[in-house]
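Taking it in order: structure first as structure tokens, then the write-up.
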Amino acid sequence: MPYISTTANIAISGRKEQAIKERMGRAIELIPGKTEGWLMLSFRDNVSMYFKGDDEPCAICEVKLFGSASEEVYESLTEELTDILREELDLDPDRIYVTYEEIGVWGWNGGNF
């Protein structure tokens, strides 16, 4: 049950959103036991955001994960998510944040895991 929310201060076209969705669907498999079949994604673009004191293009990916993963796995996923946003949105890697939140209880289909 991973969820990745991507927020950027630039436009994300439908074509780019689809490409990012497909690539993140593969990237989530870097976390053992996680697949695109359980991945939820959301995108917010053209958000008023400032980073390093200016409004140059930037983004944040917020990853929520039922359970946990190792630091090495998170390092690999951070690298992959950064590459995806760099390549698809032409963002400088030093203008991208990736955060992680491990969730102990996750509800789905009227119950909890």
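At-a-glance table
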quantity	calculated
Qualifying residue in region 64-73 (condition: surrounded by 15 or more Cβ atoms within 10 Å (Cβ to Cβ) and either closer than 23 Å to Q18 by Cβ or polar (S, T, N, Q) (or both))	yes
Evaluation of D90 against (1) acidic (D, E); (2) under 14 Å from the mean Cα position of the chain (by Cα); (3) over 16 Å from M1 (Cα atoms) (one fails), failing number	(2)
Residue within region 8-16 that is among the charged types (D, E, K, R) and closer than 18 Å to Y97 by Cβ present	no
Residue check for E79: within 12 Å of Y97 (Cα to Cα), free of Cβ contacts under 8 Å to residues at least 40 places away in the same chain and open to solvent by 60 Å² or more (accessible area, probe 1.4 Å)	yes
Any pair with Cβ under 9 angstrom, 6 or more apart, that starts in region 41-54 at a residue that is more than 26 Å from R26 (Cα to Cα) and ends at one that is in a strand (DSSP E or B) and open to solvent by 60 Å² or more (accessible area, probe 1.4 Å)	F51/Y97
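The values are calculated or read from the model by the stated rules, or taken from the named source; none is laboratory data. Computed from a predicted model, the values in this text were never measured in an experiment. Note that we place each Cβ from the backbone using ideal geometry, even for glycine, and neighbour counts take in every protein chain shown. With ligands, DNA and RNA removed, areas are computed over all heavy atoms of the protein, side chains included. Shrake-Rupley method; radii C 1.70, N 1.55, O 1.52, S 1.80 Å.
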